[in-house]
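What follows is a short report on a single structure.
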Amino acid sequence: MTFSSLEYLVFLPIVFILYWTLCKRSKALQNYLLVAANCVFYAWWDWRFLGLLLLTGVSVFVAGKLMQRYMRYFIPQLRVFLNETDSVK
């Protein structure tokens, strides 16, 4: 499915209507709908890349959660790393 295809012209209004009607009360449900619609959109083009898309999304989500949890340890380590790489020049 490409942005200029007939399938997309049907797919977009369906997702838009579902987003604003069924998922109006819950932000989490809106996010789940958008993730599912994203997966359907990319799988329509070539389903073999869906695993890569899901793996990338999950790994970025987990990395973000870990960074959020250990931010007080992460920022000083990042500053040390950036200072060390800056002095290498």
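The values are calculated or read from the model by the stated rules, or taken from the named source; none is laboratory data. Because the structure is a prediction, the values reported are computed rather than measured. With ideal geometry, Cβ positions are generated from the backbone for all residues, glycine too; neighbour counts draw on all protein chains shown. Side chains are part of the model used for accessible areas, which takes the heavy atoms of the whole protein and leaves out ligands, DNA and RNA. Shrake-Rupley method; radii C 1.70, N 1.55, O 1.52, S 1.80 Å.
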Review point. Which one of I75, I14 is β-branched (V, I, T), out of contact with any Gly (no Cβ under 9 Å at 6 or more places or on another chain) and open to solvent by 70 Å² or more (accessible area, probe 1.4 Å)?
Key: I14
Review point. Got a number for residues in region 1-27 being modelled with pLDDT of 85 or more and either under 24 Å from F61 (Cα atoms) or among the aromatic types (F, W, Y) (or both)?
Key: 5
Exercise for review: Please determine, by comparing only the residues of region 17-42 that are hydrophobic (A, V, I, L, M, F, W, C), more than 15 Å from the chain's Cα centre (by Cα) and surrounded by 14 or more Cβ atoms within 10 Å (Cβ to Cβ), which one is nearest to S4 (Cα to Cα).
Suggested key: L18
Review point. If we keep just the residues of region 53-89 that are at pLDDT 75 or above and in contact with a helix residue (DSSP H, G or I) (Cβ under 8 Å, 6 or more places away or on another chain), which is nearest to Y42 (Cα to Cα)?
Key: L53
